[in-house]
Each structure stands twice: as C-alpha cells, then as structure tokens.
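Values in this text are rule-based calculations from the coordinates and carry no lab data. Quick caveat: nothing in here was measured; it's all calculated off a predicted structure. Don't worry about glycine lacking a Cβ; one is built from the backbone with ideal geometry, like all the others, and counts go over all protein chains shown.
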Amino acid sequence: MTTVTKPERRSWLRDHSELGICALLVVLGVLVLTDALRIPTDFAQRGPVGPKAVPILVGSLLLLVAALLARDVLRGGRGEAEAGEDVDLSAPADWRTVLLLCGAFLANAVLIGVVGFPISGAILFWGAAYALGSRNPVRDPLLAAGLSIFTFVVFNNLLGVPLPGGPLMEVF
C-alpha cells in the first residue's frame, strides 16, 4: 500500500514575507523625508545644495526601493539564501569575533571624547583587525594608526566635519 502525500501548502504570508522589509523601508523613508522637510533653511548656504538635498534623496530612494521590492514580491519573486564561497551556513555564529568587534567599537565610543579620534580610531581599527584574525604585532598597530590619522585628516581638515582631536589636536 502506497501513501500519497499532499504537496505542502504554504501560507500567503510565508510566500510574501519580504513585504515586511518593504513596510520597514516605507516607514524609514517616510521618517527620513519628514525629518528632512523639518530642517531649517533660514541660514546662508555655503553652496548650491542645501541641507535638505541628501536626506530628501535618501528618503525618496528608500520609498522607491520599497515599491520595487513589493512589486517583485507580489509578482512571485523570492529572495534566495546565498551560499558563500567558503561559508558554512550550518555552522553556529562566531560569537567571540562578534563580541571582540563590539568591544572595539564600544572602546572607541568611550574613548573618543577623552583621547580624541586619532587614538580611539586607532584602537578601533586595531581591535577590528585583531577580532577578524590578524595577529601581526608590528604591522597591525602601525596600519591602524595610519588609517586613523588619515581618516581624521580627511574628515576634519578636508571635509570640514569636526572630530575630537584630543591631545593630538595641535599636531594636525
């Protein structure tokens, strides 16, 4: 005696679960646009593009992506899990790496106001390299310091985004 099995019935919600991402994108887009429209513009602009331009562009693009994704999902498109080149999707998460990265980030957040970005950024970059497996005791700190100083100079001096310099403020 053979048993005939019915094909598995999938619910409409399961087949269209990506619509939740669409809803999240719509909420974020509306939030960004609402905040962008509230930015005061009664001060002199330094260039042809005002302070509202980028947030309005980002909010509009979020809404556009939400609409395109919703259209694709409703037409039967489904996201597929991507198999990485050397990633074992059945392996558990590497919590040690995650916690080390979080520690490096938190150390940067705590230290940036005290010692300035060049030093706290170097700690962040070195900590991230260490967490991700680099163990060169000479190269890693030197690259971290160089990358941190380069980032500080680009943002602080070239882009005009002030970062706390700490005790190195007079050097740069």
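Find the Rg to Rh ratio for the stretch 95-168, where Rh is the Kirkwood radius over alpha-carbon pairs and Rg uses the same atoms.
Answer for the stretch 95-168: 1.00.
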*Along the stretch 122-130, what does the Karplus equation 6.51 cos²θ - 1.76 cosθ + 1.60 (θ = phi - 60°) give for ³J(HN,Hα), rounded to whole Hz, x for Gly and Pro?*
5, 5, 4, 5, 5, x, 5, 5, 5
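Loop-only check: which chymotrypsin sites (Phe, Trp or Tyr not before Pro) in the stretch 48-137 are DSSP coil with at most 16 other Cβ within 10 angstrom? Display every interim value, and only then the final one.
Working: sites: Trp95, Phe105, Phe125, Trp126, Tyr130; in loops: none.
Filter output for the stretch 48-137: empty list.
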_Pair Ala93, Thr34: separation of 7 Å Cα→Cβ label points (nm)_ = 3.0 nm
